[in-house]
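Heads up, the thing below is written out as structure tokens.
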Amino acid sequence: QVQLVESGGGLVQAGGSLRLSCAGSGRAFSHYLMGWFRQAPGNEREFVAHISADSGSTYYADTVQGRFTISRDNAKNVLYLQMNSLKPEDTAVYYCAAKAYSGNYYDVSQYRYWGQGTQVTVSS
């Protein structure tokens, strides 16, 4: 079992940057595959990025490819999402999530553990 707590959200102007963090509890954090998802008002939760347990593989949604970077520090039990060139359409609550098995990294239902979310607002 792992507990996840996000931080780093806030208000930023279009074109700006933010770095989100997700602190995980428990010694098993390094064994989990991790993802970032986001949910805007009235929309379903959508996939943003995914990273394998050993950071060997990363995947991104087309909408953030080239602007966002997912990374993790297993020694510190922390997951990151560096967000650059932010756009108003990136405004959402961002969630980190953990899953134990590979495959279907974009599927919300595959992730067992979730954080409480952090708000990101990008003004135009």
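Quick look at the numbers
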item: Subset of segment 110-120 [polar (S, T, N, Q) and open to solvent by 50 Å² or more (accessible area, probe 1.4 Å)]; result: Gln110, Gln116, Gln119
item: Residue check for Glu44: of a type in the set (Asp, Glu), farther than 15 Å from Gly115 by Cα and modelled with pLDDT of 95 or more; result: yes
item: When residues of segment 81-109 are limited to those that are among the aromatic types (Phe, Trp, Tyr) and surrounded by fewer than 18 Cβ atoms within 10 Å (Cβ to Cβ), the one nearest to Ser124 (Cα to Cα); result: Tyr106
item: Matching option when the condition is among the aromatic types (Phe, Trp, Tyr) and either open to solvent by 50 Å² or more (accessible area, probe 1.4 Å) or in contact (Cβ under 8 Å) with a residue 40 or more places away in the chain (or both), among Phe68, Phe47; result: Phe47
item: Per-region count, segment 1-39, residues closer than 19 Å to Asn84 by Cβ and of a type in the set (A, V, I, L, M); result: 5
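The values are calculated or read from the model by the stated rules, or taken from the named source; none is laboratory data. What you see is a predicted model, and the numbers here were worked out from it, not measured in a lab. Glycine gets a Cβ as well: all are built from the backbone with ideal geometry, and neighbour counts include every protein chain shown. With ligands, DNA and RNA removed, areas are computed over all heavy atoms of the protein, side chains included. Shrake-Rupley method; radii C 1.70, N 1.55, O 1.52, S 1.80 Å.
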